[in-house]
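Participant: Pasting a structure here, questions to come.
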Amino acid sequence: MAKVVGQCTCPECGFTDAEVRRDRNAHLYRYCPDCTAQYFTYGDAVKSANLLRQVVAPAGPRSSSRSPALATVGA
């Protein structure tokens, strides 16, 4: 399974949450879930460095839209 490193803007469609991931060989690649475009670096150090420079948001746990305060109301 690919590990998400962060997000960047897709140059093909402009989607701002395209994912930068590592494949099973730890090479970086970009995947856009909006237009399904993929960009593979194949371990090239220059391409990997350029892709990492584009990462605008570090990967982290996705926040739930449900507020903890709302979960206790009516309990």
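Participant: Give me the net charge of Gly43's neighbourhood, meaning all other residues with Cβ under 15 Å from the Cβ of Gly43; Lys, Arg count +1, Asp, Glu -1.
Facilitator: Details: positive: Arg21, Arg22, Arg24, Arg30, Lys47; negative: Asp23, Asp44.
The answer is +3.
Participant: Hey, what did region 3-60 get for relative contact order, percent, Cα under 8 Å, at least 6 apart?
Facilitator: Working: 108 pairs, mean separation 19.7, N = 58.
Over region 3-60, the number comes to 34 percent.
Any read-out appearing in this document is the output of simple, stated calculations on the displayed coordinates, not a laboratory observation. Remember, predicted model here, so these are calculated numbers, not experimental data. So basically every Cβ, Gly included, is an ideal-geometry build from the backbone, and we count neighbours across all protein chains shown.
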